[in-house]
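S.K.: What follows is a structure written as structure tokens; I'll ask about it next.
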Amino acid sequence: MRMGAKDEAAAAPPETAAHTPQKYAFIDALRGYAVLLVITCHTGGVFPELPYPVRKLTNFGWHGVQLFFLVSCVTLMMSWRSDERKGIADARAFWLRRFFRIAPMYYLAGAFYFLVDRPGGGFDFTQWLATVAFVNAWHPLLTPTVPGRWMVVPGGWSIGVEFTFYFAFPLIARYIRTIGPALGFFAIAVLIGCAANTLARTGFVAHYGVTAADNFLYFWFPDQLPIFALGAILYLAIERCRAAPNLPLARTIVRFPNILLAICIGLIVFLAENPHVVPERLSFSPFAPFPFLMAASLVFMAITLTLALNAKSPAINRWVCAMGEASFSAYILHFFVLAELVRLLPALFEPAATGYTAIFRCLALWVAAVPITFVLSTATYRMIELPMIRVGRGLLERRAARRATAALAQPSAP
């Protein structure tokens with residue numbers, strides 16, 4: 001006897017339901033601000049003689065990467081919980097979706113940068129393999145922080161760190177459902193980071209020098225892991241405030257969003273101008289469980305929570321949301337845009353400028369780079385990222401259809 005539609009739906013495996021992640025404007029806005037921070041940092045880096053107070057402000061943009069990590073964890077937790085409610089949460093499907101979301105644009109960027117800026121040492125198979133396998137953030141020679149090494153994709157260390165988190169995420173999402181386990185995860189992440197940095201530093205310094213070793217220990221996954229843990233705490237805070245809007249915290253955020261954002265901006269300026277107020281990275285020797293990137297992340301957490309509870313905030317606008325939608329492409333392409341602008345217009349963007357001239361030229365470069373990056377990244381987002389996302393979804397749909405067909409073919413119990 002042929003099964004009815006309801007029976008067929010019941011017999012089909014859970015993953016036949018569509019994975020349709022909900023879009024949140026505040027998430028796109030935060031991604032937009034994150035990539036603008038990173039562009040600001042690298043724009044300032046073009047001008048070595050930028051006055052130090054201004055340089056410290058532009059340097060803070062480096063921590064836009066931590067904002068990316070926080071938002072990534074929040075978004076993934078929201079998506080995973082949504083899939084759980086639909087009965088379609090699946091680790092292999094998650095990894096496949098993330099691969100097709102990141103890898104195609106990332107791999108094409110590697111080929112693009114190889115063609116436009118050939119490495120002095122030529123093609124290095126080991127370096128290339130580490131990059132395409134997303135393990136380039138696990139050694140100073142692969143990140144790389146050692147001078148003279150080939151960086152396959154500028155800024156690629158963060159993609160390697162992000163992918164390491166992807167591998168662990170299904171397990172994290174399974175067990176972190178309340179604030180207790182989330183705080184425990186954060187504490188464990190801090191201990192792992194302190195231990196890993198302390199144990200690895202001596203050997204890396206001996207082989208590669210202090211600068212290369214210390215830079216690498218900032219970049220690698222153990223030092224960044226607590227930021228993802230803070231992202232899990234942030235997700236729970238958002239969900240709690242939305243579920244209980246009468247909580248004092250939620251009421252305060254909804255009532256005074258602009259004041260809270262102004263306070264956060266003030267804290268950012270304070271941290272930027274006082275970069276040594278907290279240690280640079282996690283360590284047991286000396287004991288430093290609260291590094292600068294964590295201080296910056298706490299401010300970003302407050303901003304995220306404020307925007308999550310105030311959907312009509314002026315900080316959430318169509319321009320920054322559009323930048324956030326294409327933020328992955330923008331992150332990858334802005335290195336090229338900055339380099340080309342300086343190469344094509346050396347008189348306007350003179351890197352050797354000093355004093356107020358350096359400030360004005362830095363601002364002019366930023367004003368030119370942002371819209372050009374936006375146009376290019378929007379194009380690659382639509383022509384590369386979105387089609388590849390659809391390819392990943394198509395593979396999952398065919399996998400689900402095969403499993404559904406196999407389930408229907410099974411003889412029914414007597």
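S.K.: Please give me the summed charge of the neighbours of Y175: other residues whose Cβ is under 15 Å from its Cβ, Lys and Arg +1, Asp and Glu -1.
M.R.: +2
S.K.: Report, to the nearest 10°, how far helix 210-219 tilts away from the longest principal axis of the Cα atoms in the chain, using its own Cα long axis and a range of 0 to 90°.
M.R.: Value to nearest ten degrees: 30.
S.K.: Quick one: grab Rg to one decimal and Dmax as a whole number for the stretch 358-414, Cα atoms only, in Å.
M.R.: When restricted to Cα atoms, the stretch 358-414 yields Rg and Dmax of 24.0, 82 Å.
S.K.: Modelled label-to-label distance, A187 and I372, 7 Å Cα→beta-carbon offset: nm?
M.R.: Going from the A187 label point to the I372 one covers 5.1 nm.
S.K.: Using alpha carbon centroids, what distance separates the stretch 50-98 and the stretch 354-414, in Å?
M.R.: 14
S.K.: What does the net charge come to around D124 if you take all other residues with beta carbon closer than 13 Å to its beta carbon, with K and R at +1 and D and E at -1?
M.R.: Details: positive: R118, R149; negative: none.
Result for the neighbourhood of D124: +2.
S.K.: On average, how much accessible surface per residue is there in the chain, in Å², for a 1.4 Å probe, leaving out ligands, DNA and RNA?
M.R.: For the chain, the solvent-accessible area averages 48 Å² per residue.
S.K.: Extent of the stretch 302-366 along each principal axis, from alpha carbon coordinates, in Å, largest to smallest?
M.R.: 45, 27, 18
S.K.: So what's the stretch 119-201 giving for Rg/Rh, alpha carbon basis, Kirkwood Rh from the mean inverse pair distance? Don't skip to the answer; put the middle values down first.
M.R.: On the way: Rg = 16.0 Å, Rh = 14.7 Å.
Taking Rg over the Kirkwood Rh, I get 1.09.
S.K.: Mean separation of Cα pairs under 8 Å and 6+ residues apart, divided by the residue count of the chain: what relative contact order is that in percent?
M.R.: Computed over the chain, the figure is 29 percent.
S.K.: Over the alpha-carbon set of the stretch 253-298, divide Rg by the Kirkwood Rh and report the Rg/Rh ratio to two decimals.
M.R.: 1.13
S.K.: If you don't mind, another one. Counting only C-alpha contacts under 8 Å and six or more residues apart, can you give the relative contact order of the stretch 22-73 as a whole percent?
M.R.: Once normalised by length, the contact order is 48 percent.
S.K.: So what's the stretch 92-159 giving for Rg/Rh, alpha carbon basis, Kirkwood Rh from the mean inverse pair distance?
M.R.: Rg divided by Rh gives 0.99.
S.K.: State the three equivalent ellipsoid semi-axes of the stretch 34-90, derived from the C-alpha gyration tensor as the square roots of 5 times its eigenvalues, in descending order and whole Å.
M.R.: 38, 8, 5
S.K.: For the stretch 219-303, what are the per-bin percents of Cα-Cα distances with bins 10 Å wide, up to the bin holding the maximum?
M.R.: For the stretch 219-303, the pair-distance distribution reads 16, 38, 32, 13, 1.
S.K.: At a Förster radius of 60 Å, what calculated FRET efficiency corresponds to the Cβ-Cβ distance of E84 and A347, to the nearest 0.05?
M.R.: 0.55
S.K.: Could you tell me how many degrees, from 0 to 90 and to the nearest 10, lie between the Cα long axis of helix 327-344 and the main elongation axis, the longest principal axis, of the Cα atoms of the chain?
M.R.: 30
S.K.: Averaging over all projection directions, find the projected area of the Cα convex hull of the stretch 38-139 and quote it in nm² with one decimal place.
M.R.: For the stretch 38-139, averaging the hull's shadow over all directions gives 9.2 nm².
S.K.: Sticking with this structure for a sec: Extent of the stretch 233-272 along each principal axis, from alpha carbon coordinates, in Å, largest to smallest?
M.R.: 34, 22, 11
S.K.: Also, I was wondering about something else. For a Förster distance of 30 Å, can you work out the FRET efficiency between the beta-carbons of M383 and A339, rounded to the nearest 0.05?
M.R.: My answer for the efficiency is 0.85.
S.K.: Computing the accessible area with a 1.4 Å probe over protein heavy atoms, can you report the carbon and sulfur percentage for the chain?
M.R.: Reported share for carbon and sulfur atoms: 68 percent.
S.K.: Right, something else. Could you please report the charge total around F47, scoring K, R as +1 and D, E as -1 over all other residues with beta-carbon less than 12 angstrom from its beta-carbon?
M.R.: Net of charged neighbours comes to 0.
S.K.: Any idea what % of Cα-Cα pairs in the stretch 153-247 are farther than 16 Å?
M.R.: 63
S.K.: Contact order normalised by length for the stretch 218-328, with contacts defined as Cα pairs under 8 Å and 6 or more residues apart; what percent is it?
M.R.: 30
S.K.: For a quick size check, give me the Cα extents of the chain along its three principal axes, largest first, whole Å.
M.R.: For the chain, the Cα spread along each principal axis is 84, 56, 45 Å.
S.K.: State, to one decimal in nm², a quarter of the convex hull surface area for the C-alpha atoms of the stretch 258-414, i.e. the direction-averaged projected area.
M.R.: For the stretch 258-414, averaging the hull's shadow over all directions gives 18.1 nm².
S.K.: So if I place +1 on the C-beta of Lys and Arg and -1 on the C-beta of Asp and Glu, and nothing else carries charge, what would the dipole magnitude of the chain be about its Cα centre? I want it in debye, nearest 20.
M.R.: On the way: 34 positive and 21 negative charges, 250 e Å.
Once rounded to the nearest 20, the dipole reads 1200 debye.
S.K.: In degrees, nearest 10, range 0 to 90: what is the angle between the Cα axis of helix 64-86 and the longest Cα principal axis of the chain?
M.R.: Relative to the chain, helix 64-86 is tipped by roughly 0 degrees.
S.K.: Determine how large the accessible area of K86 is when every protein chain is in place; take a 1.4 Å probe and give Å² rounded to the nearest 10.
M.R.: In the full protein context, K86 sits at about 80 Å².
The values are calculated or read from the model by the stated rules, or taken from the named source; none is laboratory data. Source: prediction; values computed, not measured. All Cβ positions, glycine included, derive from the backbone under ideal geometry; neighbour counts span all protein chains shown. Only protein heavy atoms, including side chains, enter the accessible area calculation; ligands, DNA and RNA are left aside. Shrake-Rupley method; radii C 1.70, N 1.55, O 1.52, S 1.80 Å.
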